[in-house]
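Scroll down for the structure; my scribbles are underneath it.
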4 protein chains.
Amino acid sequence: MAGSTFGKLFRVTTWGESHGTAVGATIDGCPPGLELAPDDIQHDLDRRRPGTGGPAASPRKEPDRVEILSGIFEGRTTGTPISLAIFNKDAHSKSYDHLKDIFRPGHGDITYLKKYGIRDHRGGGRASARETAARVAAGAIARKLLAEAGIDVIAYTVALGGLATERRDLTEIKNNPLRCPDSDTAAKMAERIDQVRKEGDTLGGIVEIMASGCPAGLGEPVFDKLDGELARALMSIGAVKGVEIGAGFAAAAMKGSENNDSISADGFKSNNAGGILAGISSSQDIISRVAVKPIPSIAKEQDTIDLDGKPAKIKIGGRHDISAIPRIIPVCEAMVALTLADHMLRQRTVR
Amino acid sequence: MAGSTFGKLFRVTTWGESHGTAVGATIDGCPPGLELAPDDIQHDLDRRRPGTGGPAASPRKEPDRVEILSGIFEGRTTGTPISLAIFNKDAHSKSYDHLKDIFRPGHGDITYLKKYGIRDHRGGGRASARETAARVAAGAIARKLLAEAGIDVIAYTVALGGLATERRDLTEIKNNPLRCPDSDTAAKMAERIDQVRKEGDTLGGIVEIMASGCPAGLGEPVFDKLDGELARALMSIGAVKGVEIGAGFAAAAMKGSENNDSISADGFKSNNAGGILAGISSSQDIISRVAVKPIPSIAKEQDTIDLDGKPAKIKIGGRHDISAIPRIIPVCEAMVALTLADHMLRQRTVR
Amino acid sequence: MAGSTFGKLFRVTTWGESHGTAVGATIDGCPPGLELAPDDIQHDLDRRRPGTGGPAASPRKEPDRVEILSGIFEGRTTGTPISLAIFNKDAHSKSYDHLKDIFRPGHGDITYLKKYGIRDHRGGGRASARETAARVAAGAIARKLLAEAGIDVIAYTVALGGLATERRDLTEIKNNPLRCPDSDTAAKMAERIDQVRKEGDTLGGIVEIMASGCPAGLGEPVFDKLDGELARALMSIGAVKGVEIGAGFAAAAMKGSENNDSISADGFKSNNAGGILAGISSSQDIISRVAVKPIPSIAKEQDTIDLDGKPAKIKIGGRHDISAIPRIIPVCEAMVALTLADHMLRQRTVR
Amino acid sequence: MAGSTFGKLFRVTTWGESHGTAVGATIDGCPPGLELAPDDIQHDLDRRRPGTGGPAASPRKEPDRVEILSGIFEGRTTGTPISLAIFNKDAHSKSYDHLKDIFRPGHGDITYLKKYGIRDHRGGGRASARETAARVAAGAIARKLLAEAGIDVIAYTVALGGLATERRDLTEIKNNPLRCPDSDTAAKMAERIDQVRKEGDTLGGIVEIMASGCPAGLGEPVFDKLDGELARALMSIGAVKGVEIGAGFAAAAMKGSENNDSISADGFKSNNAGGILAGISSSQDIISRVAVKPIPSIAKEQDTIDLDGKPAKIKIGGRHDISAIPRIIPVCEAMVALTLADHMLRQRTVR
């Protein structure tokens, strides 16, 4: 069954494979009158592009130029579907031929084949992280819509390869390629990446996403609560294995008196709730964090099986990142922005 | 906008408030021919019922008898909507009158009012954990459907009040009221609860949910991946602040060579993936964990404000649990079962 | 797959069988703050009730008392799901036992069995017109919401048994039980009914539905156009075999110069469009018409087959109406009201 | 709110404007393993293309070449979204400049502006019949899927300009450009078109669509009945003002004994029901008919108003068809095919 659509009112459908003709997205439900030019989208795409991301980056060269095929008239959205396409330029399909008959551990090769009975083995096909370029493009439109309402979404690295950031100085984020809010930790992370690259191995980490400026009232009880929707949005990113809101897993070890955010005439005194109470935004900052697993494509030899179920060895060279961080950061921002844009429109149907 | 429906093909809509006439659920999309009697549902409801749950329990006495109002003919489902109702019997609405003009910290009082401009203050209204009785009732039908397909869903306590279980012996679960897979840890948890109850405080914990017997192929890339859907399902439970799949947050600190589950002719050699690869079930056990926050209704004095924004003090007595564990356990099972039932039907549309 | 939900933002899920415990509806998405009491709903239910409808009526006696089980607090909607139930009182299930092994021509007996492999033969089960009581109850809430916005929905009989009304004097509607806008034609229709009743036969007709006071802008191109949504809403009523908007089928024989509604400074000069242009309301009256087939339960002998496929004869006595008109009238009004309420909320997401 | 998606399991989202860069569709939910090449789609597109359609045709020259951008691997669908694009080649945007400040009677100019506050005036923008090229392209995939299941969808002209076909000889359809199942009537229709073209006027008509080979069981009571879904699908085509199933409006004047299709051991003896009973297909041919209004762009002078509400005169020359027939025929086929494909997948979730 169809699973490539996100959102109920600000609806995004993505399409495209890693080594097909193009990837793209159709956004249906964007309100009319929003100023929109390709550059508004390109800026976010550039942050996700292969070859960026400093020490952890892959050398695949994709210009990732977005084209807007519909939905804009005289520089503004018209309320009709916006179609975006990013044509693939540097797809080396043949370099995947040796993987045609073998399953890469940690990848969806085996589950895709079991589900569909057919599989595009070229670079992971639809399961490739390349699909997230379409999310980032659509997310850029959501971010523009949110910006008009005073809402800003920003993500940053709070852990990488087991190294946790010691400070959270958001002004530091732009000062290092890993987008860590502590440049000292960022330097250690970079060292760690270099070391692991030499081992032929990869690293995971934790990204935190903060949405500021959100009005109270976003989120629809009981199944479409804002935290539930954020969890789905973020967990739908390939490398993510965990999501938490506010104090998250730490709350499980607190007492009620520690975890409750008491209230004063000036507002909440703390934010363990992460800006969401009973599934509805409270107007505090909305804080979520995701656990990013290490990239499964490693240069070390691994045990696996082939299509016939026979044991095989695999070593994946190719043009791969060491960590999904930092390129996953704009993807996290996009997913949070798409969720908030959808709920901003949904809230209009309540009042 | 409507947010009380869960699932796309096995669709559940819940309704009802804590101190209204009843709570209930309508299940639309249940396949015809499934044997179903009220007792099939009652068994799960009894595990969630107020007054159960041993040391952590609240004294509200609700028989929670479910009535099936439609969708069954001669003991079997007909394929038409199944309407379930649980009438409220022990609702002491008046005992909430003193909370009418004040916001309880950690509860949705303030966000409900901001969202809707109106709020049913009696016991949390729609935001009450009582709503989950309807989920458990619907979930029992999903569990029956899954059982026919050989799928079993079981949840248990792996941490409470900061005490983590040392063993995972699933045969132990039924031997202690906290449903902990280690009776020694369970005893320490019970002591902890007693102590915290005297302090007028409350506790959180971590619940693990295991679904065994799942076929490969469940989950719809890219936005309706099985892990994303589970995350939403579980995070939509009021007390849950975090969700992880398989190794979860621990994966963020692993190397790729450690985290990847290598494959032999006998199957996967480990299960860090938690039974899901690229959003699709692999036929391994599906493992998820949720962080449960401490119950926000505490007997200690807290700072808050009233409807006019003026500072106030609040102390919540009443009939409250010390921890959402273990009563949240059948709710977690229900949400996982509803997710899997929905995806079992969705997978039929693929093949 | 689930098919018992109508609407995207004002969402109604109906449930219940003709001879089960009850029929009912859950409305999710109704905005908060709407005054609502059972009497608001009862009035419309009374117009649809068995035993009303004058000359064409069935003698089944059902009080059809609606109960509101959730979603209301202190006389107003809260924004949470509204659960409605109508318990069945006069269900003579045994009187259908002789139909257990035979298919009634013109009914869904055969298709329900083929679809589901199981069938509730008592009075048509879910396929019974009794299901429409739940629609009318939900529709009454939609009508109240629309009334607050100045929108009124009214339906009336424009043909019955081949007799077409000659005038459209809406003040006449309440003066005759067939709700015909021409009392002279109404009298002839009543005569026709008496005559056909003696023959053991039944009659069909045409109902027109007018929605006045609608703002411009309702309807979502291109697949959720207002006329398409109305067509689905009305065609989903059991007896309806055709739907037309404005000039409808007559437009097929007109020239463009005749059919186009030219525009003056005072507005449109005619209304062949039926108040909808390119799927969006224009602020003119929204006019639709439905073809209602004759009731298939006739006292005359008919050819049919039994469950084994063997030829059989059938004669249906029982407590049946001669025509679905006029009891179908509040159902038509309900379906138009539900459609408009949904689109009123949808339009809020555009502006 | 988003309205450009059709179907629940076989989901089609169309995008694009008449004079934008391209029109296209994304199909999500197409089962894997279906052989598909551009030529499969091109054949249907060619029948809808401007410049075809014989006597009634417009001279706009569009090659309408479809490109498949995703979802196909080695000539087969993979189960992932199929993205289709048709780039516009012969868009004369400037020829619409004189219509920028005026509303064309019978068109959506006025309602689009009222709804969105902004309007792409070039050739109707999103409201243009050009959007239906995307429907036809997506429909061709549905038709291929249906063909594998033995289901065939064919549409033909049964009335044009008030001239009704006297015979229904389906072998005649390919023998005349109007696709009329009676070549004698077709000749008269062509004469009629010539005459009306000279008057600067336009014509409407009636198209019948027959789906043969459908299994019993398609359609989901009570709101997603097959006839309701077909009505919505067909009414969503711009020029359609009425839809009927089987006997349709004629049934309103029949007695029950005339309208009921009695049943023999060999099956139904007639097909007034149009192949659908209680919203579920019976395995008889599924028959629907649509009323097509005359094209509103006429060369005769009409009264209208400008953006300021001041009276104006309008005469539309340009490259317009005299009748939407026959180019609307593949669009009708596409919409019926999309509906059936969706319900074929939905039925899999029941059994």
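When the Gaussian network model of chain B links Cα atoms closer than 10 Å, the mean-square fluctuations of B:Gly16, B:Gly267, B:Gly162 top out at B:Gly267. With label points set 7 Å from Cα along Cα→Cβ, the inter-copy distances at B:Gly213 are 4.0, 5.2, 5.6 nm, sorted shortest first. Taking all protein chains as shown and a probe of 1.4 angstrom, B:Glu67 keeps an accessible surface of around 80 Å². Can you compute the FRET efficiency between B:Asp90 and C:His98 using 1/(1 + (r/R0)^6), with r the Cβ-Cβ distance and R0 = 35 Å? Round to the nearest 0.05. My answer for the efficiency is 0.15. Sorted shortest first, the distances from the A:Gly117 label point to those of the same residue in the other copies are 2.0, 5.1, 5.4 nm; each point sits 7 Å from Cα along Cα-to-Cβ. Take each residue of peptide D:74-87, count the partner chain Cβ atoms within 10 Å of its Cβ, and average: the result is 6. Shielding by partners for peptide C:10-19, expressed as the average number of C-beta atoms from other protein chains within 10 Å of each residue's C-beta, is 6.
Against the main long axis of the alpha-carbon atoms of chain C, helix C:226-235 sits at an angle near 10°. Normalising by residue count, the protein assembly as shown has a Cα convex hull of 161 Å³ per residue. The chain A residue nearest the rotation axis shared with chain C, using its Cβ and rounding the distance to whole Å, is A:Arg348, 2.
Ranked by accessible surface with a 1.4 Å probe, highest first, in what order do B:Arg119, A:Arg346 come? Each step should come with its number before you reach the end.
Numbers: B:Arg119 35, A:Arg346 0 Å².
Descending order: B:Arg119, A:Arg346.
For chain D, pairs of C-alpha atoms spaced more than 37 angstrom apart make up 20 percent of the total. Summed over the residues of chain D and divided among them, the accessible surface reaches 30 Å² per residue at a probe radius of 1.4 Å.
Shown for A:Glu35: label points 7 Å from Cα along the beta-carbon vector, and their distances to the equivalent points in the other copies, 4.7, 5.4, 6.9 nm in ascending order. Relative to the longest principal axis of the Cα atoms of chain A, the long axis of helix A:328-348 makes an angle of roughly 40 degrees.
GNM on chain B, alpha-carbon springs under 10 angstrom: the most fluctuating residue among B:Asp182, B:Asp169, B:Asp40 is B:Asp169. Take the alpha carbon gyration tensor of region C:78-207, find the square roots of its eigenvalues, order them as a ≥ b ≥ c, and report rounded if a/c is under 1.5; if not, report prolate when a/b exceeds b/c, else oblate. Here region C:78-207 falls in the oblate category. Surface composition of chain D: carbon and sulfur make up 49 percent of the accessible area, probe 1.4 Å.
May I ask for the accessible area buried between chains A and B, both sides summed, probe 1.4 Å, to the nearest 100 Å²? Don't jump to the answer; show the numbers that get you there.
On the way: alone 16450 and 16460 Å², together 24960 Å².
So the buried area, both faces added, is about 7900 Å².
Helix A:183-199 and the longest principal axis of the C-alpha atoms of chain A enclose an angle of approximately 20°. About its Cα centre, how strong a charge dipole does region D:197-351 have in debye, to the nearest 20, once Lys and Arg get +1 and Asp and Glu get -1 at the Cβ? Magnitude of the dipole: close to 300 debye. State whether region C:177-239 is rounded, prolate or oblate according to the following rule on the C-alpha gyration tensor (a ≥ b ≥ c being the square roots of its eigenvalues): a/c under 1.5 gives rounded; otherwise a/b larger than b/c gives prolate, and the remaining case gives oblate. It is oblate, given that a/c is not under 1.5 and a/b is not larger than b/c.
Computed from the Cα positions only, the extents of region A:104-152 along the three principal axes stand at 46, 19, 16 Å, in decreasing order.
Let a ≥ b ≥ c be the square roots of the eigenvalues of the Cα gyration tensor of region D:18-163; is it rounded (a/c under 1.5), or, if not, prolate (a/b larger than b/c) or oblate? If you can, show how the numbers build up before the last one.
Numbers: a/c = 2.12, a/b = 1.58, b/c = 1.35.
Since a/c reaches 1.5 and a/b is larger than b/c, the shape of region D:18-163 is classed as prolate.
A simple count of charges around D:Leu170, restricted to other residues whose Cβ falls under 14 Å of its Cβ and scoring Lys, Arg +1 and Asp, Glu -1, yields -3.
Among A:Lys241/B:Lys114; B:Lys225/C:Lys115; B:Lys174/B:Lys315; A:Lys255/B:Lys300; A:Lys174/B:Lys241, which pairs are too far apart, with a Cα-Cα distance over 23 Å?
Values: A:Lys241/B:Lys114 33 Å; B:Lys225/C:Lys115 30 Å; B:Lys174/B:Lys315 35 Å; A:Lys255/B:Lys300 11 Å; A:Lys174/B:Lys241 29 Å.
Table pairs above 23 Å Cα-Cα are A:Lys241/B:Lys114; B:Lys225/C:Lys115; B:Lys174/B:Lys315; A:Lys174/B:Lys241.
Comparing mean-square fluctuations of D:Leu163, D:Leu307, D:Leu277 from a GNM of chain D with C-alpha springs under 10 Å, the top value falls on D:Leu307. Both radii are taken from the alpha-carbon atoms of region D:235-344; with Rh as the Kirkwood radius, Rg/Rh is 1.16.
Taking beta carbons within 10 Å but only from partner chains, what does the mean come to for residues B:200-213?
Numbers: counts 2, 5, 6, 6, 11, 3, 3, 1, 0, 0, 0, 0, 0, 0.
Averaged over the peptide's residues, the number is 3.
Quick check on packing: order D:280-286, C:332-338 by the mean number of other C-beta atoms within 10 Å, highest mean leading.
Values: D:280-286: 23.6, C:332-338: 29.1.
The densest-packed peptide leads the list: C:332-338, D:280-286.
Assigning unit charges at the beta carbon (Lys, Arg +1; Asp, Glu -1) and nothing else, what dipole magnitude in debye, to the nearest 20, does region A:96-176 show about its Cα centre? Walk me through the numbers before you get to the answer.
Values: 14 positive and 10 negative charges, 64 e Å.
Charge dipole, region A:96-176, about its Cα centre: 300 debye, nearest 20.
Basic side chains Lys and Arg get +1 at the Cβ, acidic Asp and Glu get -1 at the Cβ, and with that the dipole of region C:102-231 about its Cα centre reaches some 680 debye.
The values are calculated or read from the model by the stated rules, or taken from the named source; none is laboratory data. Model, not experiment: these values are computed from the prediction. Cβ sites come from the backbone with ideal geometry, for glycine too, and all protein chains shown count toward neighbours. Just the protein is used for accessible areas: all its heavy atoms, side chains included, with ligands, DNA and RNA removed. Shrake-Rupley method; radii C 1.70, N 1.55, O 1.52, S 1.80 Å.
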